[in-house]
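The values are calculated or read from the model by the stated rules, or taken from the named source; none is laboratory data. Computed from a predicted model, the values in this text were never measured in an experiment. Backbone-built Cβ (ideal geometry, glycine too); neighbour counts: all protein chains shown.
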Amino acid sequence: MSSASKIEPTVQGTAREHQLFLLREMLRIRRFEEKAAEVYSLGKIHGFLHLYIGEEAVAVGAMQALNANDRIVATYREHGQALARGTPANSLMAEMYGKVTGCSHGHGGSMHFFDISRRFYGGYAIVGGGLPIAVGLALADKMQHHEGIITACFFGDGAVAEGEFYESLNLAALWKLPLLFLCENNLYAMGTALARAQAQTNIALKAQAMGVPGESADGMDVLAVEEASHRAAQAVRAGNGPLFLELRTYRFRAHSMADPDLYRSKEEIAEWRTRDPITTFTARLRERGLLSDHDLANLENAVAAELAEAVQFAETSPWEPIEDLTKDVCTPEVGKL
Amino acid sequence: MKKKTTYREAIRAALRQAMRDDPRVFLMGEDVGRYGGAFAVSLGLLQELGPERIRDAPLSESTFVGAGIGAALGGMRPIVEVMTINFSLLALDQIVNNAATLRHMSGGQLSVPLVVRMATGGARQMAAQHSHSLEGWYAHIPGIKVLTPATVTDAAGMILAALKEPDPVFIFEHATLYPLEGEIEERIAPVDIAKAAVCREGRDITLISYSASLLKALQAADRLAKDGIEAEVIDLRVLRPLDTATILASVTKTHRAVIVDEAWRTGSFAGEISAQITEHAFDELDAPVSRVCSAEVPMPYAVHLETAALPQADTIVTTVHGLL
């Protein structure tokens with residue numbers, strides 16, 4: 001039985017429309033990342049570029065469980081979360097181009113997308129560094145009695161080796177904060193396999209040891225992620241304290257564009273590619289008669305048009321004037337509290 | 001109406017007043033509640049304000065400082081107490097990579113109205129791991145403000161001023177100053193946090209200092225006066241943003257400067273002030289800018305060694321004589 005039958009559609013429309021929406025969202029991320037790699041190779045964007053290809057089901061599935069008022073904290077591999085949250089591809093592409101029209105005015109680049117209008121509190125590029133921020137956001141909501149608002153904190157398996165992981169889970173559990181910890185376990189902390197870095201590889205068990213109940217879900221299956229995230233978010237929303245969700249996934253591309261990917265075998269990558277979240281979901285929709293060739297072509301065309309426009313927007317956007325170099329270091333006087 | 005108090009009690013009074021005035025303000029840190037604060041600053045506040053507002057945190061500096069940043073983003077006005085500057089090293093990532101960067105890195109979308117207080121400094125025979133004077137490090141970082149109260153008035157008023165700031169403010173309270181006596185008003189007013197203060201006027205030389213070293217500079221100025229040397233003494237008060245105008249105006253008058261800084265000399269904030277003077281007032285100088293700093297040694301425990309390692313009034317007096 002498909003887990004789909006358990007899910008209430010979270011967007012307007014029928015279950016079919018919702019599932020096509022999930023597919024479209026994953027395709028948007030996949031094609032955005034391919035485009036990012038392409039323009040990076042052309043020398044249009046620089047700095048670090050960490051692609052999300054292979055992990056699309058995690059961001060898309062988890063995001064369905066979050067409301068407009070919820071807060072999101074992410075990592076330096078956050079393109080998928082930002083797109084799934086609704087930040088326009090235009091402003092994300094422009095950010096990577098370093099243009100003033102970017103979501104962070106060109107100050108952050110690929111690793112530091114911020115969109116506070118959508119309560120997207122940013123990509124944090126020191127591993128584990130976003131977790132304490134998420135604890136504080138959730139604490140603020142709890143202290144201000146913002147009932148029903150939760151903070152969702154994305155991080156990778158690498159962060160689980162950091163002290164801040166244990167400190168943050170402990171504090172969230174101790175203070176019963178409305179915080180959903182979403183661990184994207186892609187099995188590698190840069191080039192170090194989980195089993196080579198952590199004596200206990202059952203990450204949910206570590207969370208439990210900190211007093212945060214948790215479980216694992218198949219991060220290659222968007223419906224499984226959505227279902228698990230819904231359940232977890234609902235429980236956190238009820239005010240009983242934090243929960244932990246491990247989403248088991250895999251990145252198909254190297255850690256970053258600078259990584260020659262020497263630490264894992266081609267066979268391993270090929271094996272995981274058979275579980276590609278987009279192709280498997282597409283096949284499933286076809287089998288059930290929910291997706292035709294025509295539908296898929298329409299989806300691909302719409303995504304291609306969106307990304308062509310994003311590149312065009314980024315190419316033609318202005319740079320921030322150099323006179324504004326230090327403008328945002330401190331809040332202007334008018335912003336005084 | 002003014003009342004007699006101490007640096008410690010003045011801070012407590014300011015905390016109390018801030019929390020009574022604004023429900024968004026809360027105090028978070030190790031042993032701030034039931035213990036009453038490692039330096040007894042928050043003694044009794046738990047009973048008055050409750051555990052939500054006087055929030056004991058586990059020994060996890062990085063996470064409770066980071067949580068302070070997050071809570072500030074989420075609409076609160078947290079005051080985070082890090083027990084001492086020595087332990088703040090465990091929170092440096094959150095301070096340097098998050099608190100200081102979020103406004104700029106987000107393209108101006110975020111402000112982090114966070115106040116972090118911590119005890120700093122040596123001279124209590126606490127040895128090498130509990131005697132650091134690293135506020136100059138913090139002053140290196142754009143995106144935060146660094147305050148170093150040396151008086152009772154500033155100790156209290158700077159907290160209220162810091163809470164009005166939209167960006168992170170770090171307040172370094174020298175551990176030897178907590179018993180310092182002074183006066184505060186019944187209703188504490190925020191103090192200016194933009195300017196340095198000339199706390200003694202003089203014509204012959206400028207002594208530039210801050211925090212507990214200021215008291216040494218003032219002692220030295222008293223002794224120099226007996227020798228007929230009139231030293232002007234400046235309390236920097238704020239290390240970032242630095243009020244260079246007050247420093248330069250004084251040096252333009254006295255033509256000589258000695259900087260007294262409890263930190264180590266190499267790479268010190270004293271070096272920064274010296275550079276500011278030579279960059280902007282080189283032609284005014286009648287002698288090289290001098291520095292009285294701590295000896296380049298991990299702080300020793302034995303009292304005679306510790307005394308020898310720290311700046312003292314004697315050293316300041318000798319240094320001044322060498323410049324005149």
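Tell me, which residue of region A:157-199 that is closer than 19 Å to B:ASP56 by Cβ and of a type in the set (Ser, Thr, Tyr) is surrounded by the fewest Cβ atoms within 10 Å (Cβ to Cβ)?
Among them, the one singled out is A:TYR166.
Any chance you could count how many residues in region A:12-54 are among the hydrophobic types (A, V, I, L, M, F, W, C), modelled with pLDDT of 95 or more and part of a helix (DSSP H, G or I)?
Count: 11.
Sort out which residues of region B:206-259 are over 18 Å from B:ALA313 (Cβ atoms) and among the acidic types (Asp, Glu), and write them in order of number.
The answer is B:ASP243, and nothing else.
Considering B:ALA196, B:ALA189, which residue is free of Cβ contacts under 8 Å to residues at least 40 places away in the same chain and away from chain A (no Cβ under 14 Å)? Please lay out each step first, then the result.
Values: B:ALA196 fails: free of Cβ contacts under 8 Å to residues at least 40 places away in the same chain.
Step by step, each of B:ALA196, B:ALA189 is checked, and only B:ALA189 is free of Cβ contacts under 8 Å to residues at least 40 places away in the same chain and away from chain A (no Cβ under 14 Å).
Being more than 15 Å from the chain's Cα centre (by Cα) and either assigned to a loop (DSSP other than H, G, I, E, B) or more than 7 Å from chain B (Cβ to nearest Cβ) (or both) is the filter here, so list the residues in region A:120-157 that pass it.
Residues satisfying the conditions are A:ILE126, A:GLY129, A:ALA138, A:LYS142, A:GLN144, A:HIS145, A:HIS146, A:GLU147, A:GLY148, A:ILE149, A:ILE150.
Quick grid of which residues meet (1) in contact with a strand residue (DSSP E or B) (Cβ under 7 Å, 6 or more places away or on another chain); (2) in a helix (DSSP H, G or I); (3) touching a residue at least 24 places away in the same chain (Cβ under 8 Å):
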position	(1), (2), (3)
B:LEU110	no, no, yes
B:PRO113	yes, no, yes
B:MET118	yes, no, yes
B:GLN125	no, no, yes
B:HIS130	yes, no, yes
B:TRP137	no, yes, no
B:GLY143	no, no, yes
B:VAL146	yes, no, yes
B:ALA150	yes, no, yes
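May I ask you to list the residues in region B:78-99 that are of a type outside the set (Val, Ile, Thr) and either on the phi > 0 side of the Ramachandran plot or crowded, with 23+ Cβ neighbours inside 10 Å (or both)?
Selection gives B:PRO78, B:GLU81, B:SER88, B:ALA91, B:GLN94, B:ASN98, B:ALA99.
Under the condition of being at the interface with chain B (Cβ under 9 Å from one of its Cβ atoms) and surrounded by fewer than 24 Cβ atoms within 10 Å (Cβ to Cβ), which residue from region A:70-106 is farthest from A:TYR40 (Cα to Cα)?
For region A:70-106, the residue satisfying everything is A:VAL100.
Give the number of residues within region B:192-215 that are in a helix (DSSP H, G or I) and of a type in the set (Lys, Arg).
Restricting attention to region B:192-215, the residues satisfying the condition of being in a helix (DSSP H, G or I) are B:213-215.
Narrowing the set further to residues that are of a type in the set (Lys, Arg) leaves none.
Residues that pass the stated criteria total 0.
Among the residues of region A:159-196, write down those that are more than 10 Å from chain B (Cβ to nearest Cβ), farther than 23 Å from A:GLY61 by Cα and outside any strand (DSSP E or B).
Of everything in region A:159-196, those that are more than 10 Å from chain B (Cβ to nearest Cβ), farther than 23 Å from A:GLY61 by Cα and outside any strand (DSSP E or B) turn out to be A:ALA161, A:ALA173, A:LYS176, A:MET190, A:GLY191, A:LEU194, A:ALA195, A:ARG196.
Which fully enclosed helices (runs of 4 or more DSSP H) of region B:1-96 have 3 or more residues being hydrophobic (A, V, I, L, M, F, W, C) and closer than 23 Å to A:THR151 by Cβ?
Of the helices (runs of 4 or more DSSP H) lying wholly inside region B:1-96, those with at least 3 residues that are hydrophobic (A, V, I, L, M, F, W, C) and closer than 23 Å to A:THR151 by Cβ span B:61-73.
Kindly state which helices (runs of 4 or more DSSP H) lie completely within region A:209-308 and contain at least 1 residues that are in contact (Cβ under 8 Å) with a residue 60 or more places away in the chain and of a type in the set (Asp, Glu).
Correct list: A:222-237.
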